[in-house]
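Structure first, then comments.
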Amino acid sequence: MMNRFKLFLLVLSATTGIALAQDPVEQDNKLGEQGDQMVQEQMGIYHHTITQNYIEQLGQKIAMQAGEDIPFKFSFQLVNMIEPNAFSLPGGYIYVSRGILPILNSEDELATILGHEIAHVVRRHSARQMNKSIVPTILTIPGLLIGGLISQELGNIINAPINAVGQVYLASYSRGQENEADEIGVLLAAKAGYKPKSLGKALGQLDKVVELYTGEESKSSIFDDHPYTPERVKNIQELTEKIHPKPSNPIAKTTSEFNHYMYGLHLQDDPEQGVFDGQKFVHPALKFKITFPEKWKTTNTPTAVGAVSEKQDATVVLGVLAEGEKHVEAGKNFLEKSSKAKGVNIISSGEITFQGLKAFEVKFTQGEKNPSKGHLIWFTYKDLTFQISGIWKGTNREIVDGSINTFGGVSNEELKDLKVLTLSLKKAKKGETLDDFSKRTGNVWKNEFLIVMNDLQDQKTLKEGQELKIAIWSPINY
Ligand SMILES: [Zn+2]
């Protein structure tokens, strides 16, 4: 579930053709605009109006403190990413993941995180980063899944129609830039009336959650690949002792008010992007389902859903193609491009019927000794062109094809049974233990999660009326 705690700073590839000599502000704005489109299409925006408006309002309040002469127009968006994260792009594009919000417990904490990201923009950190040499990492999931099985060249041909948006490259800030963003960020938050110390608190909180998920101490960063170390928290503490926030009017005056802005956030799958029920994936909006083999590790992105075998010697990926291309066209495109790729041997190709749908199929191998094998199918369903790619080595054919053949439509009946994990709020009864509270409210977080998420520390029994964030299974609204 929460397997990637890598946080992303998105830096555009140097090949995007931006003239670096132009006006620096214009350059930042252009970079940001292009990056923002990639974030929207590859990560996706999470639609939750109350939370989105709150983040925008709070963000603008803090950004204002940077002064009127800042030449950037700030925007604050909620991205559909389950990992706890916050990151920024040049020109004022700031993003908060839906996964970071349930972890925080006050407006002060969120304010300092936003302040930190605003500081990166104001100091133009990411733009500077562009001039260094960066080893690019491809974010897109199908690329990662296909990884070692076939050549990169062939992998790109298979993925290209799915990743029509282009690739997003990742990089980290330097330690110096992080410290600078901490310093400026907490000052901005303090000027807006927030406790600067809350940044240390938020970082500690994030670290505890990551530890719970991964079962190990996190040595690396939490948000936007930031170096997270006890030294950093110590630095923040020293830094903030001298800063006294000027009193002002918070948007959410209490933890309870803050939590109410987060009410209803999806804690695992977002139904808009599809829901896993074990190995079965259901997309309520596009009305299809597919089941991945037992024990395979599954992943979902806005453009593709897929799984990889335990030994990483087989994958199945289902993607939606960019608009305009029809299934026969897509298949023939693949044949043409792959004929130029090294070591690709087409076994068969042609039009078929797949699950009652008109489709185009290609079977291929790549490599001499122990070749990789591939089974690709393009088909049109609900006016969209889909691509299923099964790629494997050895004896995985039956498993791969078995999974491919589970593709089908879903009925409204099936959708009614679907449940998603959702953030809710419930008040405790006097002296209630955590176990009793969870039993009564339907909370499915284990005690250690309930404690960390609500920052209960060593509190063993609950006070009357004490309100806690909980995780409950709720039906999807389709
Ligand atoms: Zn940072």
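Within segment 195-212, not a single residue is modelled with pLDDT under 80 and touching a strand residue (DSSP E or B) at 6+ places or on another chain (Cβ under 9 Å).
Evaluated against (1) assigned to a helix (DSSP H, G or I); (2) closer than 30 Å to I476 by Cβ, L425 falls short on exactly one condition, (1). Looking across segment 173-196 at every residue that is away from the ligand (no atom under 14 Å from the Cβ) and without any contact (Cβ under 8 Å) to a residue 60 or more places away in the chain, the one that is most open to solvent (accessible area, probe 1.4 Å) is identified as G193. Restricting the search to strands (runs of 3 or more DSSP E) fully inside segment 310-376 and requiring at least 1 residues that are at positive phi gives 344-354. Here V25 does not qualify as among the β-branched types (V, I, T), modelled with pLDDT under 95 and touching a Ser or Thr at 6+ places or on another chain (Cβ under 6 Å).
Within segment 375-406, being under 19 Å from L154 (Cα atoms), modelled with pLDDT of 95 or more and out of contact with any His (no Cβ under 9 Å at 6 or more places or on another chain) holds for H375, L376. Candidates Y228, Y261: the one that is open to solvent by 40 Å² or more (accessible area, probe 1.4 Å) and either within 16 Å of the ligand (Cβ to nearest atom) or at pLDDT 75 or above (or both) is Y261. Selection of strands (runs of 3 or more DSSP E) fully inside segment 54-122 by the criterion of at least 1 residues being away from the ligand (no atom under 16 Å from the Cβ) and touching a helix residue (DSSP H, G or I) at 6+ places or on another chain (Cβ under 6 Å) returns 75-79.
Residues checked against (1) basic (K, R); (2) touching a residue at least 12 places away in the same chain (Cβ under 8 Å):
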site	(1), (2)
S348	no, yes
K363	yes, yes
Q366	no, yes
R397	yes, yes
S411	no, no
G442	no, yes
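The values are calculated or read from the model by the stated rules, or taken from the named source; none is laboratory data. Bear in mind the structure is a predicted one, so any value in this text is a computation, not a measurement. Counting neighbours? That spans all protein chains shown, and the Cβs are built from the backbone with ideal geometry, glycine included. In case anyone asks, the SASA skips ligands and DNA or RNA and just uses the protein heavy atoms, side chains included. Shrake-Rupley method; radii C 1.70, N 1.55, O 1.52, S 1.80 Å.
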